[in-house]
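Encoded as structure tokens, the structure appears first; notes follow it.
Where a number appears in this text, it was derived from the coordinates with a stated rule and is not lab data. In this text, all values refer to a predicted model and were calculated from it rather than measured experimentally. All Cβ positions, even for glycine, are placed from backbone atoms using ideal geometry, and neighbour counts span all protein chains on display.
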Amino acid sequence: MRISTSQIYSQSLNQINSSLSDVAQLNAMNTSQKRINRPSDDPAGMGKIVELRAYNETLSGYADNCATCNTYLGTADDVLLLASEKITAALEVAEQGATETYTTEQLQMMAIEMEGYLESLISIANTKSGSDYLFAGDDTGEPPYAMGLGVTLTGESPAQGDIVSLTGEADTAIAVRFDSDGAIGTDELTYSYSTDFGETWTTATLASNASTISVGDAEVEFAAGTAVTAADDDGAGTQFYVREAVLYSGSDQAMSVAISESVDVDMTSVGSDIFGGVDAATGLAYDEPNLFETLSDCIAYLEMGDYDSVADCLERLDAAQVTLETGAASVGARENKATYVGDSLSAISTLTTNNISSIEDANAAQIIIELEQANYVYEAVLSSSSDIMKMSLLNYI
């Protein structure tokens with residue numbers, strides 16, 4: 001078989017290029033310490049690496065959610081503990097006010113102290129983490145609680161549902177009573193109100209075609225047809241207090257986030273379930289135990305010097321504290337859940353990273369040996385090719 005000079009050159013060049021390619025590939029592995037630097041290095045291995053990296057990214061997202069949950073829930077847990085301490089202090093004031101050993105003026109001073117506890121609890125209920133309110137449900141962009149007006153019912157009527165709206169303001173409780181019998185919107189009625197805790201009374205008339213009464217700087221609108229009766233000193237008839245109330249405008253659904261493929265956790269809480277208050281949309285108080293309404297009632301009773309009604313608030317405050325502490329326990333349980341899941345995700349992520357490394361990473365010692373071998377082969381090919389290409393017919397003459 002005849003071998004031409006062009007064939008010699010071609011085969012020598014192919015051998016040189018092949019050897020150089022091996023050296024370059026091993027050099028790249030040695031530099032990156034990666035066995036797979038491009039898909040062509042190991043298509044099957046690269047496919048597995050892509051799948052594992054995508055899975056690790058998913059785990060990282062869930063882990064971030066766990067960390068955020070822990071931040072939100074940890075803050076909520078701390079402030080609810082503080083809230084329970086405020087309720088305990090308010091209970092002590094109420095217990096003092098329930099005894100008839102204090103004067104009316106002293107009770108009014110206690111009311112001012114109780115207002116301080118109420119304001120502190122409102123601040124707690126409006127706690128934020130970052131830009132999100134923790135007790136606003138999933139409506140986290142606005143503060144869930146704000147001051148408004150409410151009523152404390154002291155007589156046989158009206159019912160909460162009979163009062164359509166309350167507008168204006170009342171720095172202290174305003175006592176209101178009707179002095180005649182009839183139906184609102186049908187009969188002309190007389191009523192009285194006091195803005196100085198019952199010391200003096202102002203009498204006014206409600207026209208037969210009207211349904212809104214003015215009491216100081218506040219107005220009370222009744223549902224048309226509401227029946228009223230003349231009040232007396234024994235608590236009979238239509239009488240009530242107009243006072244400040246805490247209005248809830250947050251959501252009734254907590255904001256939930258996924259912390260794993262199959263596990264969700266409520267990252268925020270529904271404030272009305274923990275603190276109560278008055279529904280800003282309907283004007284109706286939430287069901288008992290209702291912390292904010294109990295405190296607002298208690299303040300009104302202290303201002304009016306009503307010992308017995310203050311005593312009635314004690315049991316309500318106890319129940320409200322239990323409800324708040326139950327809410328705190330729920331927050332703590334969710335925080336623990338997020339912590340446990342986060343720890344599991346961290347362990348799984350570590351295993352996944354190790355799995356990727358076992359496929360992708362190079363054996364440093366093995367690479368150095370193979371690189372030395374490849375360099376030796378490349379130098380040998382260069383040397384032999386050089387010798388062969390220098391030969392001609394003259395070498396055989």
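What distance in nm separates the two pseudo spin-label positions at E100 and S120, each 7 Å out from Cα along the beta-carbon direction?
3.1
Mind ranking 197-203, 268-274 by how tightly packed they are, going by the mean number of other C-beta atoms within 10 angstrom, highest first?
Numbers: 197-203: 12.7, 268-274: 24.7.
Descending packing order for the listed peptides: 268-274, 197-203.
Please list 290-298, 251-259 highest first by mean number of surrounding beta-carbon atoms within 10 Å per residue.
Working: 290-298: 26.6, 251-259: 17.0.
Ranking, from highest mean packing down: 290-298, 251-259.
Please give me the summed charge of the neighbours of S165: other residues whose Cβ is under 11 Å from its Cβ, Lys and Arg +1, Asp and Glu -1. Show your work: numbers first, answer last.
Details: positive: none; negative: E219, E221.
Its environment carries a net charge of -2.
Using only C-alpha atoms and all pairs of different ones, pull out the Kirkwood radius for the range 172-213 in Å with one decimal. Walk me through the intermediate numbers first.
On the way: mean 1/r = 0.0934 Å⁻¹.
Across the range 172-213, the inverse of the average 1/r is 10.7 Å.
When averaged across all projection directions, what area in nm² does the alpha-carbon convex hull of the range 128-264 cover?
On the way: hull surface 45.1 nm².
Result: a mean projected hull area of 11.3 nm².
Quick check: Cα centre of the range 216-272 to Cα centre of the range 300-350, how many Å?
19
Students often check this: by mean Cβ neighbours within 10 Å, which of 172-183, 149-160 ranks highest, and how do the rest follow? Present the calculation step by step, with values, prior to reporting the outcome.
Details: 172-183: 20.4, 149-160: 18.8.
Ranking the peptides 172-183, 149-160 by packing returns 172-183, 149-160.
How large is Rg over Rh for the range 73-195, taking Rg from the Cα atoms and Rh as the Kirkwood inverse mean of 1/r across Cα pairs? Mind dumping the intermediate values first?
Numbers: Rg = 19.2 Å, Rh = 18.0 Å.
Reported Rg/Rh, Kirkwood definition of Rh: 1.07.
Please report, in whole Å, how far the alpha carbons of the range 211-359 spread along each principal axis, starting with the longest.
88, 33, 24
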